[in-house]
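Nothing in this text is a laboratory measurement; each read-out follows from the coordinates by a stated rule. What you see is a predicted model, and the numbers here were worked out from it, not measured in a lab. Here the Cβ is made from the backbone with ideal geometry for all residues, glycine too, and neighbour counts use every protein chain on show.
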Amino acid sequence: MSSVIALSEAAAIGLHSMALIALSKKVVNVTEIAKKIGSSRHHTAKIMQRLSKRGFLESTRGPSGGFCLKKKPEEISLLDIYEAVEGKITAHSCLASKEKCPFGACLLGDLASKMTAEIWNHLSSKKLSDYL
């Protein structure tokens, strides 16, 4: 069965990794994160770099290195994490990503805008601390 809405793999890695790190009492390395969330080490490392550059994570190099939160979990919304990985959420009027509808009016009405707003509202209202 197909899904109409799905997170990108990168967004899923970012959200789950941040929750995992927030739950940990110690520094967590990329290999450990990738194994626990079931993603590739390489892709996880790329997402961790993005989150570090955006100021959410502090990274430590070396054999005992890894990642820890740079901000408090209550200061980080799921939207912050999502947009750090994927970029700003923007509303599109067409779920099929067409500039002009061949029917003049969208067969789905304003569903795309409503879904985008609902997802944005949910992600912005949830803090990382809500999942600890």
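Taking the Cβ of each residue in TYR82, TYR131 as the centre, tally the other Cβ atoms inside 10 Å and list the residues starting with the fewest.
Neighbour counts put them in this order, fewest first: TYR131, TYR82.
Given +1 on the Cβ of Lys and Arg, -1 on the Cβ of Asp and Glu, and no further charges, what dipole in debye does the chain carry about its Cα centre, rounded to the nearest 20?
I would put it at about 520 debye.
Taking 27 Å as the cut-off for C-alpha to C-alpha distance, list the pairs among LYS46/LYS114; LYS26/LYS53; LYS26/LYS88; LYS100/LYS127; LYS46/LYS70 that go past it.
LYS46/LYS114; LYS26/LYS88; LYS100/LYS127
Would you kindly derive the ³J(HN,Hα) couplings of region 102-116 from the backbone phi angles with the Karplus curve 6.51 cos²θ - 1.76 cosθ + 1.60 (θ = phi - 60°), listing them in order in whole Hz, with x for Gly and Pro?
Values per residue, Gly and Pro as x: x, 9, x, 10, 4, 4, 9, x, 9, 4, 4, 5, 5, 5, 4 Hz.
What distance in nm separates the two pseudo spin-label positions at LEU132 and ARG54, each 7 Å out from Cα along the beta-carbon direction?
Using points 7 Å along Cα→Cβ, the separation is 1.9 nm.
Considering only DSSP states other than H, G, I, E and B, which GluC sites (Glu not before Pro) in region 1-110 qualify as loop sites with at most 13 other Cβ atoms within 10 Å?
Sites meeting the loop and neighbour criteria: GLU99.
Mind checking region 1-51 for trypsin sites (Lys or Arg not before Pro) that DSSP puts in a loop (not H, G, I, E or B) and that have at most 11 other Cβ atoms within 10 Å?
For trypsin sites (Lys or Arg not before Pro) across region 1-51 that sit outside H, G, I, E and B with at most 11 neighbouring Cβ atoms in 10 Å, the list reads LYS25, LYS26.
With each run of n ≥ 4 DSSP H residues scored as -39500 (n - 2.57), what mean residue ellipticity at 222 nm is computed for the chain after dividing by its residue count and rounding to the nearest 500 deg cm²/dmol?
For the chain, the value works out to -14000 deg cm²/dmol.
Using only the alpha-carbon atoms, what does the chain span along each of its principal axes? Please give whole angstrom values in decreasing order.
Cα spread of the chain along its principal axes, largest to smallest: 59, 28, 28 Å.
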